[in-house]
1. Could you tell me the ratio Rg/Rh of the chain? Both radii from Cα atoms, Rh via Kirkwood.
2. Show me 5-18, 50-63 ranked by packing, highest mean number of other Cβ atoms within 10 Å first.
3. How do the peptides 68-74, 137-143, 105-111 rank, highest first, by the average count of neighbouring beta carbon atoms within 10 Å per residue?
4. So for the range 77-124, what percent of the C-alpha to C-alpha distances run longer than 12 Å?
5. If I model a spin label at residue 8 and residue 145 as a point 7 Å from the Cα along the Cα→Cβ vector, what separation in nanometres do I get?
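The numbers here are math on the coordinates, done by the rules we state, and not lab data. Everything numeric in this text was worked out from a predicted model, so none of it was measured. When we count neighbours, we look across all protein chains shown, and the Cβ atoms used for this are built from the backbone with ideal geometry, even at glycine.
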Amino acid sequence: MSSEQVVAKDKVVTFTYQITDPAGEVVERIDLPMKCVFGRHNRLYDKVEAAMLGKKTGDEVSVKLLPSECAWGESDPDLIFTDALHNVPEEYRHVGAEVQFQNDKGEVKTFIVKDVGKKTITIDGNHPFAGKIVTFHVKITDIRDATGQELVEGVSSGAENMGLGGTLH
């Protein structure tokens, strides 16, 4: 009987991932190893977690997710605004520019310039993946038993060092 570890509940699983759009273009890639205590302290989508279950180090899985299955969901038309170009400062008049707005409660939201016409500009506050079908491609790089402390507290995912707030979407 093999002693090789497999992905299961209470294992610390280390992995890398990339996300592709329907055309197969990579829209996000994380090559630095991420970690989670599988089945306990993770922020993986259920379908991704199910696909990883029982896999070994070196295995790869690909999982297609619909917008309704993702944290960013469907595109919200209420977060898309078109305004007269002359109302927008020059430095924001290009596609891809990020504009931050603050509401009455002090919450800050980032909008991205999606279109610049001759007289209008369109900005979008939706997540860039909102309304899109994406595929997660995960490569398992290590599996080990979690310690007692890790079972209670979890492990550092690695995401906090990349400005991802410690979560995986």
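1. 1.08
2. Highest mean packing first, the order is 5-18, 50-63.
3. Listed from highest to lowest mean packing, they are 137-143, 68-74, 105-111.
4. Pairs farther apart than 12 Å: 60 percent.
5. With each label point 7 Å from Cα toward Cβ, the separation is 1.1 nm.
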